[in-house]
Amino acid sequence: MEIQELKLLNFRNYEKLDITFDKHLNVIYGTNGSGKTNLVEAIYVLALTRSFKQTNDKTLIKSDTNLTKIEGVLNNQYKNTYKVIITPDGKKVKIDNNKITKISDYISKINIVLFNPNDLKMIKDTPSIRRKYLNIAISQIDINYLRSLNNYNKLIKTRNAYLKKMYLNGNSLNSYLEVITDKLIEVGLEISDCRRKYIELINSYIGDIYLSIAGLGELRVNYISDYQNKTKEELQDSYKKSLSKDLAFGKTNFGVHHDDLGFYLDNKDLKDYGSQGQQKNAVISWKFSEIEIFKSQKKIFPILILDDLLSELDEIKINNIFKFIDEDIQTFITTTEIDKVTSLLKDDNYKRIHISNGKLEEVQ
Ligand SMILES: Nc1ncnc2c1ncn2[C@@H]1O[C@H](COP(=O)(O)OP(=O)(O)OP(=O)(O)O)[C@@H](O)[C@H]1O
Ligand SMILES: [Mg+2]
């Protein structure tokens, strides 16, 4: 798939923008703070209706204005126009000018794999951040997964509210709780099954990709879950065991809402032992694995965005990463160091886009 044209109105530091892209490679360059990340963020928001930054939608609207519009022409099997309109009161999405009421009917249409320096959080930060990354990756290839997640979250809310009520009423045996717990187990198993399979797929690619980029080291990702290798009956038992704790805390202490991922390089946890560069290469290898999964599972060629990937990496690593840039994948690279990029790219067949203070200039 490919984004042919992007139009922005009052998005971050862009007042108005209308640009066409190369169907293969686009190199976006400019000084710090010029608007490179903002531009690729707009593409990401067009696809997923929200930013990859942990930020309120309102921050996407240009200061002193009250509406932002992102519009893109996508060439997939058909040519479609996608629109995301955000105001302080909420957002609307449209495909070919038809309003889409359910966001879940919109977000699996444009597929993106993005690397941003913040993604190192995927290794360094808390399990909830890793679950977020995993959820976004799986939702893009499996709509049912998103439904299961929504169901699960609703069930946890209901169960927690009920636990609080039970605690106040002083009872611990309750058939309604059993009904909710059984439903939770059913949906939790769907989620853990999807996650386990996705990590298996990741592992079928990530080791080789890491090795090609870094030159040495064996990388593996582990799925860590309360539900791992457990049958329905064993899970019912686990919930019974955790009931007194659940009642005391007024919340569900056991389940896939605590799932985590571990990145292991040569059997050592990258979070505790990895260098900055090793962590970065591991995250990049994960992203390229995501692309392989899109290709093999969905026959989809997602859009790849590499935002500020090159800083802190030596030329050998950058060269190794560039080898993964695929003719069939529309790719966006942002950089402050255009000369470094051009000297390492093999052919001249790409579009150069220079940004200065929210204004664009296409350079031939
Ligand atoms: N809502 C907004 N309205 C106006 N300007 C904004 C808004 N949000 C961010 N900006 C401005 O956008 C600029 C940052 O843009 P961006 O993050 O895209 O820079 P960059 O080119 O990626 O820089 P770097 O090379 O440092 O990563 C800052 O000057 C910031 O003040
Ligand atoms: Mg940036």
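How many residues does the range 35-65 contain that are more than 16 Å from ligand 2 (Cβ to nearest atom) and not acidic (Asp, Glu)? Of the residues in the range 35-65, 11 are more than 16 Å from ligand 2 (Cβ to nearest atom) and not acidic (Asp, Glu).
Of the helices (runs of 4 or more DSSP H) lying entirely inside the range 233-344, those containing at least 3 residues that are touching a residue at least 60 places away in the same chain (Cβ under 8 Å) and away from ligand 1 (no atom under 16 Å from the Cβ) span 243-249, 276-298, 315-322.
A residue that is more than 24 Å from residue 297 (Cα to Cα) and exposed (fewer than 15 other Cβ atoms within 10 Å of the Cβ) cannot be found anywhere in the range 191-209. When residue 159 is tested against (1) in contact with a strand residue (DSSP E or B) (Cβ under 6 Å, 6 or more places away or on another chain); (2) charged (D, E, K, R); (3) farther than 21 Å from residue 198 by Cβ, exactly one condition is not met: (1).
If we keep just the residues of the range 104-119 that are of a type in the set (A, V, I, L, M) and in a loop (DSSP other than H, G, I, E, B), which is nearest to ligand 2 (Cβ to nearest atom)? Going through the qualifying residues, I end up with 110. Looking across 13, 32, one residue alone is under 22 Å from residue 120 (Cβ atoms), within 15 Å of ligand 2 (Cβ to nearest atom) and modelled with pLDDT of 95 or more. It is 32.
Here 249, 301 are screened, and the one residue that is of a type outside the set (A, V, I, L, M), surrounded by 13 or more Cβ atoms within 10 Å (Cβ to Cβ), on the phi < 0 side of the Ramachandran plot and in contact with an Asp or Glu (Cβ under 7 Å, 6 or more places away or on another chain) is 301. Selection of the range 1-52 for residues being within 23 Å of the chain's Cα centre (by Cα), acidic (Asp, Glu) and away from ligand 1 (no atom under 15 Å from the Cβ) yields 2, 5. Taken residue by residue, the range 37-54 has no member that is free of Cβ contacts under 8 Å to residues at least 24 places away in the same chain, more than 24 Å from residue 122 (Cα to Cα) and among the polar types (S, T, N, Q). Which residue out of 132, 91, 99 is farther than 20 Å from residue 240 by Cα, surrounded by fewer than 14 Cβ atoms within 10 Å (Cβ to Cβ) and at pLDDT 90 or above? That would be 99, the only listed residue that is farther than 20 Å from residue 240 by Cα, surrounded by fewer than 14 Cβ atoms within 10 Å (Cβ to Cβ) and at pLDDT 90 or above. Does residue 336 qualify as being modelled with pLDDT of 90 or more and within 16 Å of ligand 2 (Cβ to nearest atom)? So residue 336 fits the description; yes. Within this structure, residue 82 fails the test of being away from ligand 1 (no atom under 12 Å from the Cβ), under 20 Å from the mean Cα position of the chain (by Cα) and at pLDDT below 95. Among the residues of the range 345-361 satisfying the criterion of being assigned to a strand (DSSP E or B) and within 26 Å of residue 111 (Cβ to Cβ), which is farthest from ligand 1 (Cβ to nearest atom)? Out of the qualifying residues, it is 351.
Comparison of 316, 353, 329, 338 shows that the only residue that is within 28 Å of residue 141 (Cβ to Cβ) and not basic (Lys, Arg) is 329. Checked against the criterion of being over 28 Å from residue 289 (Cα atoms) and exposed (fewer than 14 other Cβ atoms within 10 Å of the Cβ), the range 223-231 has at least one qualifying residue. Residue 107 meets the conditions (1) of a type in the set (A, V, I, L, M, F, W, C); (2) within 16 Å of ligand 1 (Cβ to nearest atom); (3) in contact with a Leu (Cβ under 6 Å, 6 or more places away or on another chain) in every case but one. The failed one is (2). Quick check on the range 53-76: of everything there that is of a type outside the set (A, V, I, L, M) and over 23 Å from the mean Cα position of the chain (by Cα), which residue is farthest from residue 302 (Cα to Cα)? Looking at the filtered set, the residue picked out is 64. For the range 343-364, the candidate set comprises residues that are within 15 Å of residue 306 (Cβ to Cβ) and modelled with pLDDT under 90; within that set, the residue that is surrounded by the fewest Cβ atoms within 10 Å (Cβ to Cβ) is 344.
The values are calculated or read from the model by the stated rules, or taken from the named source; none is laboratory data. Source: prediction; values computed, not measured. As a convention, Cβ positions derive from the backbone with ideal geometry for all residues, glycine included, and neighbour counts pool all protein chains shown.
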